[in-house]
Structures are given as C-alpha cells and as structure tokens.
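Participant: First the structure, then my questions, so here it is.
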Amino acid sequence: MKKYIIANWKMSGTSAGIADYIACLTKYLTNKRVENELTVIICAPHVYLSTLKDLTKELSISVGGQDCHTHTKGAFTGETSAEMLADIGCKYVLIGHSERRKYNGEDESILKNKVIMAQNAGLIPILCVGESLVEREQNATLEVLKRQISILDEVKGETLIAYEPDWAIGTGVTPKFNDIQTMCNTIASEYHKLTGKDAYILYGGSVNAENVLDFMQSEDVDGVLVGKASLLPESFGKIIEIGAQAN
Ligand code: PEP
C-alpha cells in the first residue's frame, strides 16, 4: 500500500544547513521500500527549493512548495505561482495549511483557485484541512471538514488531503488514535461522495518518531505530514526508517 511521509519545514533553514541536512538524511533512505512504496516529500521555503531540488536529484525524495498563488503571473509582488514551482522541478504543493488560513486569511474561494492553479501547472495538491479547538468543542468538526473538502470538486488528478486539527499542530497533543482513524475515514468517504474518486488521506499534528508507527500501520491513514520533527535530519530520518519498516 502506497504511503507518504511529508516534511513541512515552514519558515526554517539556511542554504548551508540544507546541504548538511540532506547529507545526513541520505543514510536513512537506503531501504528499498523507501524507493518503491514510500514517497518522501520535503516542502521547503520557496527560496531554497532549487537548492533542495539539486541536492536531492539522485535521491528518492520529492520536493514541494508550501503555497502557490491564485494567478499564473502578474503584478503580485512577493508571490510564487504554481507554474514557477513546477518550472523548478516541484511535484507537490501544500495548500490551505492552517497557518496560511490563520495568518493570511485564506478562505475556501481563495483555496479553490489555488488548487486549480496547482492542477493546471501539473502539481499534485496536498490540501490541509482540520478543525480548530472551538469548532471541535461546538461539535462542528464534520461541517468544517465538509466545507474545506468541497473545494476539491473540480480536481481531476491525484490528490492528497492532510487531516491536521489546528489544536494538534506544534502542541505535542494529538487526538486519540481511533479518532484520527475515524476522521481519515470520514474525509475519504466525503471526498468520494464529492468526486467519485479516492484520495490519499494523511494525518498531521505533532507526529514524531515515537508515535509515527501507529499511523504508518493503519489502513485508514495513508501517511503523515510532519512539521517540527522534520526540522532535524536525525528525527525525520528516524520517522522515514520506521515508516519503511511498517510498510
Ligand atoms: C504542520 O505544520 O503541518 C505540522 C503538522 O506541524 P507539527 O508536526 O509541528 O505539529
């Protein structure tokens, strides 16, 4: 069964640090399963994507952006289009991460445009969805997830959806494992109702080497999106190693 392990470096890294990181991570990629059944993706700050692409060209690592713009080009200072990400060799792009929803006011209409831009550029979108603590306490989780997933109605190719409850991101707290499995199942069936197709459903939120095995062994979870624990090559490498053995 195909599984994914995705690093989200957020706004971290230096050009020298990335070279050291990849040199160290290489020793964790020797397992045959990493090449065949496990897809490892690193979503890096956009200024470092070309460097990362060069450093990983002989390795079984794909590179992804952390966001893309709603337009292909034009007077949008500081922005990066999906076409530009594809042009430098990215295969994936994160869309709708909770930090972008929170700090950049990205709502469903903006995010739907981004998904379409990603698809038109030949990128595979990784849509991040998940409820806030308040929404969870108000029993609004399902309604929130349905709204967030609804923007995928025109997606044609491969799609990844990461269930990331925002109260689990960077907090060291994760939902109960059974709840995660149930939510991933629910997302899969909502997506299927919407499009008639299957998507890969991942979990993200305080994943680390101690808890990753359960996710990688679960039939309902197609992989993990890792923030903090992907910042050091040793901890991300350990997660890859465990993922490869579990697969
Ligand atoms: C994330 O930012 O997508 C994330 C899951 O972060 P962390 O692993 O640090 O909770």
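Participant: Along its principal axes, what span do the Cα atoms of the chain show, with the longest given first and each in whole Å?
Facilitator: Extents along the principal axes: 46, 45, 32 Å.
Participant: Quick check for me: using +1 on Lys/Arg Cβ and -1 on Asp/Glu Cβ, what's the dipole size of the chain about its Cα centre, in debye to the nearest 20?
Facilitator: Once rounded to the nearest 20, the dipole reads 360 debye.
Participant: Assuming a ≥ b ≥ c are the square roots of the Cα gyration tensor eigenvalues, decide whether the range 170-229 counts as rounded (a/c under 1.5), prolate (otherwise, with a/b larger than b/c) or oblate.
Facilitator: prolate
Participant: Right, here's the next one. Highest mean first, what order results for 212-219, 92-99 on Cβ atoms within 10 Å?
Facilitator: 92-99, 212-219
Participant: What does the helix-only formula give at 222 nm for the chain: each DSSP H stretch with n ≥ 4 adding -39500 (n - 2.57), the total divided by the residues, and the result rounded to the nearest 500 deg cm²/dmol?
Facilitator: -12000 deg cm²/dmol
Participant: Extension gain residue 211-residue 108, at 0.36 nm per residue separation less the Cα-Cα distance, in nm?
Facilitator: So the chain would gain 34.0 nm between residue 211 and residue 108.
Participant: Please give the length that would be gained between residue 47 and residue 133 if that part of the chain were fully extended, namely 0.36 nm times their separation in residues minus their C-alpha to C-alpha distance (nm, one decimal).
Facilitator: Stretched out fully, the residue 47 to residue 133 stretch lengthens by 27.7 nm.
Participant: On to the next question. Could you calculate the FRET efficiency of residue 11 with residue 120 from 1/(1 + (r/R0)^6), where r is the beta carbon distance between them and R0 is 25 Å, rounded to 0.05?
Facilitator: Taking R0 as 25 Å, the efficiency between residue 11 and residue 120 is 0.40.
Participant: For the range 31-95 and the range 4-27, what is the separation of their C-alpha centers, rounded to whole Å?
Facilitator: Between the Cα centres of the range 31-95 and the range 4-27 lies a distance of 13 Å.
Participant: If you don't mind, there's one more thing I want to ask. To the nearest 20 Debye, how big is the dipole of the range 53-184 about its Cα centre, given +1 on the beta carbon of each Lys and Arg and -1 on that of each Asp and Glu?
Facilitator: Charge dipole of the range 53-184: 160 debye, to the nearest 20.
Participant: Continuing with this model, one more query. So how compact is the range 1-63: Cα radius of gyration and Dmax in angstrom?
Facilitator: That works out to 11.6, 36 Å for Rg and Dmax.
Participant: With a Förster radius of 35 Å, plug the Cβ-Cβ distance of residue 147 and residue 232 into 1/(1 + (r/R0)^6) and report the FRET value to the nearest 0.05.
Facilitator: For R0 = 35 Å, the calculated efficiency reads 0.50.
Participant: A further question on this structure: Using the structure shown, list the pairs from 3/112; 32/73; 193/238; 32/197; 73/238; 73/176 with a Cα-Cα distance above 32 Å, or answer none.
Facilitator: 32/73; 193/238; 73/238; 73/176
Each value in this text was obtained by applying a stated rule to the coordinates, not by laboratory testing. Keep in mind that what you see is a predicted model, and the values were worked out from it rather than measured. Every residue, glycine among them, receives a Cβ derived from its backbone with ideal geometry; neighbour counts consider all protein chains shown.
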